[in-house]
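Have a look at the structure below, then the notes.
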Amino acid sequence: MALIDISSRKQLFVDDDLIESTTHCAAALNRAEKVADNPVLWPEHPWEGGDVSVASVRWDDDAGHFEMRYRATRFVARHGRDEVVVEGEGDGRTCLAVSADGIHWEKPIVGEVEFEGSKQNNILPRHWLMDYTFPDPQADDPARRFRGHVRTGDTTSPGMTFDLYFSPDFRTWTPYADNPVID
């Protein structure tokens, strides 16, 4: 096996690809432990309605904490002739929560989106959001530290495409000049 330079980076061993041999050891997966403080996130503000669900969680090296984007939806009951129909209000809102340990979460005031006459909330503006996001640790350009993809069209149409965007801060997104990257 040829030597692979992994430097001092952490490695996730999910197979034996980087392991030449082992003696007196075995791979093991740690048993999951339920956190006593569950749930770790719950709706507590009027703009969150009655339901919150995690959209994404990432570690922010610059801030030194986890950043969670979560969906908050207000549900409305409509009384039909023979039934009660419960439906979400539009597609909900995306909000921000932060945590140093991934267990205890705070909802900082973002101050970007107005809700019932006030911007004192943690609602994220739509232009900060991408469908699929990830950091690019290989990026030479600081303006391209993060990448995001947006799907246009629907899965049943032949015109569905993916556009690529770049961001320095996970908030400001610039489209790639040669979009779409997948069509």
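The values are calculated or read from the model by the stated rules, or taken from the named source; none is laboratory data. Since the model is a prediction, treat every value here as computed from it, not as a measurement. With ideal geometry, Cβ positions are generated from the backbone for all residues, glycine too; neighbour counts draw on all protein chains shown. What goes into the accessible areas is simple: the full protein's heavy atoms, side chains included, and nothing from ligands, DNA or RNA. Shrake-Rupley method; radii C 1.70, N 1.55, O 1.52, S 1.80 Å.
The table below gives the values:
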{"quantity": "Segment 146-158, subset in contact (Cβ under 8 Å) with a residue 12 or more places away in the chain and open to solvent by less than 80 Å² (accessible area, probe 1.4 Å), residue farthest from the chain's Cα centre (by Cα)", "calculated": "THR152"}
{"quantity": "Residues that are assigned to a strand (DSSP E or B) and out of contact with any Ser or Thr (no Cβ under 7 Å at 6 or more places or on another chain), drawn from segment 22-55", "calculated": "VAL52, SER53, VAL54"}
{"quantity": "Residues that are under 30 Å from GLY111 (Cα atoms) and out of contact with any strand residue (DSSP E or B) (no Cβ under 8 Å at 6 or more places or on another chain), drawn from segment 150-168", "calculated": "none"}
{"quantity": "Where a residue in segment 18-35 is over 23 Å from GLY102 (Cα atoms) and its partner, wherever it lies, is exposed (fewer than 10 other Cβ atoms within 10 Å of the Cβ) and among the aliphatic types (A, V, I, L, M), with Cβ under 6 Å and at least six apart", "calculated": "GLU20/MET1"}
{"quantity": "Any chance LYS107 is modelled with pLDDT of 90 or more, among the basic types (Lys, Arg) and surrounded by fewer than 17 Cβ atoms within 10 Å (Cβ to Cβ)", "calculated": "no"}
{"quantity": "Hits in segment 14-66 (condition: on the phi > 0 side of the Ramachandran plot and of a type in the set (D, E, K, R))", "calculated": "none"}
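This table checks each residue for (1) under 24 Å from the mean Cα position of the chain (by Cα); (2) under 27 Å from ASP131 (Cβ atoms).
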position	(1), (2)
ASP5	no, no
SER8	no, no
VAL14	yes, yes
SER21	no, no
CYS25	no, no
ASN30	no, no
ASN38	yes, no
ASP51	yes, yes
VAL54	yes, yes
